[in-house]
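For reference, the structure discussed in these notes is given below.
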Amino acid sequence: MTDAPARPSLARPLTLVLASGAALVGIVLLLVSWVSVGTSSLESSERADIPCLAAVDADEPGARTRNELVPPRTLCEWTTAAGEPETVVLGEAPPAVFWLGGALFVGGVLTCVGMLVAPRLRR
């Protein structure tokens, strides 16, 4: 009686597929977050009822817009007539979507790198 050849394990390829899929989903979520911030800040710039944007358009001292990548949002900073600094959020992505995307991306990449490097380190 002959022995049947051993079936190769599917655990490693399946782990690589799932980890790379998670990284891709993470990239998509991050891009959606940044694009939604850009879209909402563009929509805000078309409205005339935001005093901060009017101050930026008039080049008043201390009035500026600022984009932040982590977490993604657009801010407008200016000094009111009373002399007090004020910050208005023009666009912001949902933080949960952004952080989930970041976690999926980093986790997927680290898992793929670990799965590809670990066998070489054992030799």
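The values are calculated or read from the model by the stated rules, or taken from the named source; none is laboratory data. Because the structure is predicted, anything quoted here is derived from the model rather than measured. Glycine also receives a Cβ, built like all others from the backbone with ideal geometry; neighbour counts cover every protein chain displayed. Accessible surface is based on the protein model in full, side chains and every heavy atom, while ligands, DNA and RNA are left aside. Shrake-Rupley method; radii C 1.70, N 1.55, O 1.52, S 1.80 Å.
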Residue in region 33-51 that is at pLDDT 90 or above, surrounded by 13 or more Cβ atoms within 10 Å (Cβ to Cβ) and hydrophobic (A, V, I, L, M, F, W, C) present: yes
Yes/no for Val109 being touching a helix residue (DSSP H, G or I) at 6+ places or on another chain (Cβ under 6 Å) and open to solvent by less than 70 Å² (accessible area, probe 1.4 Å): yes
Residue check, Ala22 in contact with a strand residue (DSSP E or B) (Cβ under 8 Å, 6 or more places away or on another chain), open to solvent by less than 70 Å² (accessible area, probe 1.4 Å) and touching a residue at least 60 places away in the same chain (Cβ under 8 Å): no
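Test Phe98 against the criterion of being at pLDDT 90 or above, within 16 Å of Ala22 (Cα to Cα), touching a Gly at 6+ places or on another chain (Cβ under 9 Å) and surrounded by 13 or more Cβ atoms within 10 Å (Cβ to Cβ), and give yes or no.
On the way: at pLDDT 90 or above: yes; within 16 Å of Ala22 (Cα to Cα): yes; touching a Gly at 6+ places or on another chain (Cβ under 9 Å): no; surrounded by 13 or more Cβ atoms within 10 Å (Cβ to Cβ): yes.
Criteria not met by Phe98.
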